[in-house]
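The values are calculated or read from the model by the stated rules, or taken from the named source; none is laboratory data. On a predicted model such as this, the values are computed, not experimentally measured, just so you know. Glycine gets a Cβ as well: all are built from the backbone with ideal geometry, and neighbour counts include every protein chain shown. Only protein heavy atoms, including side chains, enter the accessible area calculation; ligands, DNA and RNA are left aside. Shrake-Rupley method; radii C 1.70, N 1.55, O 1.52, S 1.80 Å.
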Amino acid sequence: MRRSRHLFLGCVVAAIVAAFSASGVLSAQAPVQPVTPIPFTGTARIKIDIDRTIGEVDPLLFGNFAEHLGRMVYGGIYDEKSPLSDANGFRKDVLQAVKDLDVSILRWPGGNFASGYNWKDGIGPKDQRPARPELAWNDVESNRFGTDEFLKYAETVGTEPYICVNLGLGSINDARDWVEYTNSDKATFWAEQRRKNGRQQPYTVKYWALGNEIDGPWQLGHKNAEDYSKFALEAAKAMRGIDPSIKLIASGSSNYGADWTLWNRTVLQTLRNTVDYIALHTYINNGPNDFERYLGGWSQTIQRYIDTTRAQIREVQTGANPRPIYIAYDEWNVWYRTGNREKLEEIYNFEDALAMGMFFNTFFRNADIVKMANIAQMVNVIAPIMTNEKGMFLQPIYFPLAEYSKQRSNTALDAWVSSPMFRIPQRPQAAAYLDVSATYNARTREVYLNVLNKSKDKDIPASIENSGGSWASGPVAIWQMNHPDLKATHTFGDDQKVRPKTFSAPLSGGQYTFPAHSLTILRLKLS
Ligand code: AHR
């Protein structure tokens, strides 16, 4: 118990350290200096050129994460005794909300949980499965929801399953056997076990993470970069021995101390001919309660994590035909301020919903390298969907997730932006008030313009220009989240107030005014 608590607190400390010092900018003790606007004359401009492409908005950017943690699985997606559940024990109301989010890929079973998990405990007749101490989160794992339940859930939702193997306390054989259980069509022991458990056809799980946050001292089975890389290389060899077609995700940086880049460098150097993605994890919060710094500072920091990792990937891609490697941002969210802290039941507010726009705009602007992203997590635990025995409610962060996901498979565009700027003390670069990304759907000839106005109190008019000609005449379809109270939240029976509005309006004089502290998606038709 002491140990688990220690691990849990370690994780929390890491999150707080990440929030303040990982950005290399703030320290937890430093007094918070106000941000300062930079004088700006004229009108903001956003120029779109559909030929200036970045890359495909990968459908896997709209992923989610289901860890055995608190009420995420038990009491969240799965509740065998609830009258609200179906015959599989899946909560029907939650299932519908998950389907409406259109989750493209679902990571499971952790997280920190994965590093102590024995998947073999979670198969076969449920009443014969052993309950085990759960050390990452100081709990008891009943094992009633295991591999077959997860994969059935993923099929029911219509999402790609993504399994994180245990490279903490687990063995290479366990990882190899897991691939055999889910993917093999041969008459071998673990494939036969799957058949005995009722599943004839392989599940063909394509995405596999080689461990979780092994760089973090809080992780069960934490290793240094060299030891992890060698272990992961051998695990990959054994797993691919069973199924050569699987895609592998290396455990990248989650612990952003001063030398965080060393971890990724070693991992990439060793696994450059093996993995398809390297994972990054980032949790943010508005600790100093400064809205503009919150959104402005974190978008710079996340961009820096991506830039650095991108460069490190390029550095190891030597030779004529290097293996493509992408970034999987397979844990990201706002975390740690309110709610039931032990169980991570964060209550999100309106400004956190705006932070969703900040994350997605950053992912879209880096669509050539960020090819997977999983918000952590899906239900109850740092999540957009909250349940109790009687029902559920949607947190404000739910709505941007659902709306941005409509841009999957569009082409991300490199929008040119001239925006009023502000300075964040101790940061070398100024931040833009208008945080913009754009994507193009060639089939419908529509440009989606995603604009987060990070100004706390200023509406910002901007001209919206089409470099290739003009926009189609007529009103523009608009989706917008705005609320007078940045701290407004939802709860059971009261989840209507922080919701988006959809309407249409003309671009009068070619301009649109983005209200203070708002997130807007304009759908502009090419003429
Ligand atoms: O998502 C909650 C936890 O955050 C995960 O278990 C871990 O990977 C990260 O530290």
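Remarks
- For the stretch 242-273, a residue qualifies if it is open to solvent by 20 Å² or more (accessible area, probe 1.4 Å) and either assigned to a loop (DSSP other than H, G, I, E, B) or under 18 Å from L61 (Cα atoms) (or both), and the qualifying residues are D243, P244, S245, K247, N255, G257, A258, D259, R272, N273.
- Pick from the stretch 36-74, criterion under 30 Å from R132 (Cα atoms) and of a type in the set (F, W, Y), ranking: least open to solvent (accessible area, probe 1.4 Å): F65
- Residues in the stretch 111-134 that are of a type in the set (A, V, I, L, M) and away from the ligand (no atom under 12 Å from the Cβ) were compared, and the one that is nearest to Y329 (Cα to Cα) is I123.
- Residue match in the stretch 478-485 (condition: under 30 Å from T387 (Cα atoms), touching a residue at least 12 places away in the same chain (Cβ under 8 Å) and loosely packed, with under 15 Cβ neighbours inside 10 Å): yes
- Residues that are within 15 Å of I397 (Cα to Cα) and part of a loop (DSSP other than H, G, I, E, B), drawn from the stretch 493-527: D495, Q496, K497, V498, R499, P500, H517
Okay, residues lined up against (1) buried (at least 18 other Cβ atoms within 10 Å of the Cβ); (2) within 16 Å of the ligand (Cβ to nearest atom); (3) acidic (D, E):
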| site | (1), (2), (3) |
| --- | --- |
| T301 | yes, no, no |
| R310 | no, no, no |
| D330 | yes, yes, yes |
| F350 | yes, no, no |
| G357 | yes, no, no |
| Q377 | yes, yes, no |
| I382 | yes, yes, no |
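- Applying the condition of being of a type in the set (D, E, K, R) and part of a helix (DSSP H, G or I) to the stretch 300-326 and asking which residue is farthest from F363 (Cα to Cα) yields E315.
- Taking the criterion of being touching a strand residue (DSSP E or B) at 6+ places or on another chain (Cβ under 9 Å) and open to solvent by 10 Å² or more (accessible area, probe 1.4 Å), the residues of the stretch 81-94 that qualify are S82, L84, S85, N88, K92, D93.
- Scanning the stretch 263-299 for residues that are among the β-branched types (V, I, T) and within 22 Å of A355 (Cβ to Cβ), we see that the one that is nearest to the ligand (Cβ to nearest atom) is T282.
- Of residues in the stretch 384-395 being open to solvent by 10 Å² or more (accessible area, probe 1.4 Å) and assigned to a loop (DSSP other than H, G, I, E, B), the one farthest from the ligand (Cβ to nearest atom): K390
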